[in-house]
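Since the structure comes first, as structure tokens, the remarks are kept for the end.
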Amino acid sequence: MSEVKNLTKSEAVAKLAVALNLSKVAAEKVYDTYNGIVAETLATGGRVRIPGVGVLHKEPVAARSYPVPG
């Protein structure tokens, strides 16, 4: 089985810079702005559809209870 490769922020910014012919500073602004928009949309109960990836949305999760030792 092959190892899973995670994309870091710096790698994503570098790829954006090359793909859009931007400086890394400008590409980082694009990255941060997009992530801010996605986070704000999710925080207000919205959904974000990313073609080829799927739909991001928040779902409420019930609180968990654990026995208290003692």
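The values are calculated or read from the model by the stated rules, or taken from the named source; none is laboratory data. Nothing here was measured: the structure is a model prediction, and the numbers come from that model. Note that we place each Cβ from the backbone using ideal geometry, even for glycine, and neighbour counts take in every protein chain shown. To get the accessible areas, we keep the full protein, side chains included, count just its heavy atoms, and leave off ligands, DNA and RNA. Shrake-Rupley method; radii C 1.70, N 1.55, O 1.52, S 1.80 Å.
A few remarks follow.
- Cβ-Cβ under 6 Å pairs, at least 6 apart or on other chains, segment 47-58 side outside any loop (DSSP other than H, G, I, E, B), far side exposed (fewer than 10 other Cβ atoms within 10 Å of the Cβ) and not hydrophobic (A, V, I, L, M, F, W, C): V55/R49
- Condition check for L7: part of a loop (DSSP other than H, G, I, E, B), under 13 Å from the mean Cα position of the chain (by Cα) and either surrounded by 10 or more Cβ atoms within 10 Å (Cβ to Cβ) or of a type outside the set (F, W, Y) (or both): yes
- Of the set (1) at pLDDT below 95; (2) of a type outside the set (A, V, I, L, M); (3) open to solvent by 90 Å² or more (accessible area, probe 1.4 Å), all apply to P51 but (1).
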